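Working notes, structure below.
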Amino acid sequence: MQCCRNIINIRRISRLAQARTASTFSSSRKINSNMYCPSSRISMATCIFDQSSSTSKIFHSKKLSTAPNENEFIDSLTFERVCEETLESLSEYFEELVENSQHLNTADVAYSSGVLTVTFGPPYGTYVINRQSPNRQIWLSSPTSGPKRYDYVTEGNYWIYKHDGNSLHQLLQEEIPKIVKTKVDFTKCLHSLVS
Amino acid sequence: MALNASSKLLKVVQQPLKIAVAAYHPNVIDHYENPRNVGSLDKSDKNVGTGLVGAPACGDVMKLQIKVDDNGKIIDAKFKTFGCGSAIASSSLATEWVKGKTIDQASQLKNTDIAKELSLPPVKLHCSMLAEDAIKAALSDYKIKQQKDQKAEAQG
């Protein structure tokens with residue numbers, strides 16, 4: 001038992017160490033790990049922009065910019081830490097859920113360098129939850145409800161999707177029970193808010 | 001319980017390394033290699049709506065413009081996208097789809113339709129969302145321009 005604990009601890013530590021290295025080189029490594037297409041695929045044919053759209057400006061869609069607290073951009077160190085904790089804790093909980101669901105024998109949970117991939121297998125599909133450092137967001141891709149982008153709310157200590165005002169863990173709390181077919185409690189995870 | 005955890009660990013070790021291969025659907029490659037409607041429209045024209053979405057820092061910026069006739073029908077659409085293959089394909093497809101539609105019909109276009117047509121993988125669903133945002137931004141820009149124009153006429 002003790003031995004087994006140690007193995008798990010080593011796994012955890014190596015994961016953390018991996019994450020640390022990844023965040024140090026996040027700008028170069030992230031692109032390759034987050035996206036299936038390498039950045040070299042960027043088309044030069046279609047990237048010529050007006051001078052007015054200088055590269056340092058950040059463009060948001062109208063809807064996003066009307067959300068409250070938009071100026072509250074957390075600093076990158078806090079972001080990296082909170083994000084890492086959120087994904088790490090989600091990863092552990094997903095592993096537990098998958099392990100306890102007998103019918104999900106082909107399911108797989110993988111977490112590395114800011115990308116959490118939860119493959120439930122057919123007919124459920126795959127969830128991808130990843131760190132998006134440039135906009136200090138967590139992005140989620142759900143096989144049922146599609147893509148969403150979450151911002152961190154400092155006062156409440158949770159992640160919010162500003163288009164509909166729901167939290168990241170709220171969405172998972174609603175969608176995941178239909179797949180794992182057991183009771184779930186995402187409030188166990190760090191930086192969660194479930195109403 | 002201990003046995004269970006270590007046997008799971010063994011299973012992990014035994015699994016062959018999976019190497020992710022970038023396999024795009026032919027529809028994505030088609031739009032990526034032959035993008036439709038690349039270009040610009042005159043953004044000061046009152047019949048042109050411009051939508052600019054994305055963030056250059058994340059590697060995706062999308063500009064989508066629509067030209068609307070007096071009956072509220074979209075007669076032309078152009079785009080310029082700086083981003084990955086899926087983002088380019090999504091915006092290319094979006095311009096193709098909105099052409100000939102009314103502004104109401106165009107606002108009904110969903111990211112899921114684009115994702116489905118291009119068979120985008122889970123991580124790439126965000127690209128189709130960006131295209132939907134771009135259409136909405138262009139439509140909203142057009143509507144704001146029209147309202148301003150009507151106000152100016154009423155005052156004049």
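The values are calculated or read from the model by the stated rules, or taken from the named source; none is laboratory data. It should be emphasised that the depicted structure is a prediction, and the values quoted were computed from it without experimental measurement. Every residue, glycine as well, gets a Cβ built from its backbone with ideal geometry; the counts of neighbours run over all protein chains shown. For the accessible areas, the whole protein counts, side chains as well, though only heavy atoms, and no ligand, DNA or RNA atoms are used. Shrake-Rupley method; radii C 1.70, N 1.55, O 1.52, S 1.80 Å.
Quick one: would you say B:V53 is within 23 Å of A:Y161 (Cα to Cα), facing chain A (nearest Cβ under 7 Å), in contact with a His (Cβ under 9 Å, 6 or more places away or on another chain) and open to solvent by less than 30 Å² (accessible area, probe 1.4 Å)?
yes
Condition first: more than 9 Å from chain A (Cβ to nearest Cβ), crowded, with 24+ Cβ neighbours inside 10 Å and more than 15 Å from B:F82 (Cα to Cα). Now tell me which residues in region B:112-131 satisfy that.
Passing the criteria: B:I114, B:L118, B:L120.
In region A:99-126, how many residues are touching a Lys or Arg at 6+ places or on another chain (Cβ under 6 Å) and within 11 Å of chain B (Cβ to nearest Cβ)?
Adding up the residues that qualify gives 0.
Scan (1) under 16 Å from A:T86 (Cα atoms); (2) within 13 Å of chain B (Cβ to nearest Cβ); (3) in a helix (DSSP H, G or I) for the single condition A:I129 breaks and write down its number.
Here A:I129 clears every test but (3).
Return the residues of region A:160-192 that are part of a loop (DSSP other than H, G, I, E, B), surrounded by 16 or more Cβ atoms within 10 Å (Cβ to Cβ) and over 15 Å from the mean Cα position of the chain (by Cα); say none if nothing qualifies.
The answer is A:K162, A:V184.
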